[in-house]
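Presented below is the structure to which this report refers.
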Amino acid sequence: MSETARLADQIRRAFDGQAWHGDSVLELLANVDATTAAAHPIKGAHSIWELLLHIAAWDDAVLRRAEGTAVKLSDEENFPAVHDTSETAWRTAVEQVKQKHEALIKVVVAFPDSRLFDPVPGKPEKYYDHFYMFSGIVQHELYHAGQIALLKKAQAK
């Protein structure tokens with residue numbers, strides 16, 4: 001198995017499931033409805049919905065960077081606002097994030113191992129190579145999965 005296939009598998013597990021640490025992003029979202037997703041049970045914290053859109057924004061940024069584009073997210077792109085809090089809008093958002101995530105996995109699987117330690121476009125830091133970025137998106141998904149789990153617990157009280 002190639003190194004990029006291993007990285008893609010870790011990215012998939014963090015988002016879709018079968019991760020050794022516990023529930024993935026999608027496993028945590030399985031029973032979340034629009035009302036729960038839009039709620040702010042912890043003062044000053046993002047909602048589950050906002051976190052999901054944030055995950056999608058960074059999946060897209062990593063995907064575009066892997067394809068050679070220098071990407072810097074604006075504040076609005078980093079945490080997109082939720083305007084429509086209907087159940088239909090929530091289900092649509094979840095499906096769009098799934099599609100974006102699948103596209104990212106395909107790009108990572110196809111990424112040549114020989115380029116893993118090449119610098120990422122637009123990132124001047126010497127350590128910021130593709131391996132660092134692909135590993136980092138796994139960490140990013142898991143960090144926000146933890147936040148989603150805590151938000152669900154806060155609402156259950």
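Observations on the structure shown:
- Just so you know, in segment 50-82 the residues that are in a loop (DSSP other than H, G, I, E, B), touching a helix residue (DSSP H, G or I) at 6+ places or on another chain (Cβ under 7 Å) and hydrophobic (A, V, I, L, M, F, W, C) include one that is farthest from residue 32 (Cα to Cα), and it is 71.
- Qualifying residues in segment 2-45 (those that are part of a loop (DSSP other than H, G, I, E, B) and of a type in the set (S, T, N, Q)) - the one modelled with the lowest pLDDT: 18
- Criterion: of a type outside the set (Ser, Thr, Tyr), surrounded by fewer than 16 Cβ atoms within 10 Å (Cβ to Cβ) and under 16 Å from residue 138 (Cβ atoms) - qualifying residue of 21, 40: 21
Let's see how each residue does on (1) free of Cβ contacts under 8 Å to residues at least 12 places away in the same chain; (2) within 26 Å of residue 154 (Cβ to Cβ); (3) crowded, with 19+ Cβ neighbours inside 10 Å; (4) of a type in the set (Phe, Trp, Tyr):
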{"residue": "51", "(1), (2), (3), (4)": "no, yes, yes, no"}
{"residue": "60", "(1), (2), (3), (4)": "no, no, no, no"}
{"residue": "68", "(1), (2), (3), (4)": "no, no, no, no"}
{"residue": "79", "(1), (2), (3), (4)": "no, yes, no, yes"}
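- Test: residue in segment 98-114 that is at pLDDT below 95, touching a Ser or Thr at 6+ places or on another chain (Cβ under 7 Å) and not β-branched (Val, Ile, Thr): no
- Annotation note: Cβ proximity below 6 Å between a residue of segment 133-152 that is under 19 Å from residue 71 (Cα atoms) and a residue that is outside any helix (DSSP H, G or I) and hydrophobic (A, V, I, L, M, F, W, C) (sequence gap 6+ or interchain) occurs for 133/120.
- Selection within segment 116-157 - among the hydroxyl-bearing types (Ser, Thr, Tyr), more than 23 Å from residue 49 (Cβ to Cβ) and either touching a Pro at 6+ places or on another chain (Cβ under 6 Å) or not in a loop (DSSP other than H, G, I, E, B) (or both): 132, 135
The values are calculated or read from the model by the stated rules, or taken from the named source; none is laboratory data. Note that the structure is a prediction, hence the values are computed from the model and not measured. Every residue, glycine as well, gets a Cβ built from its backbone with ideal geometry; the counts of neighbours run over all protein chains shown.
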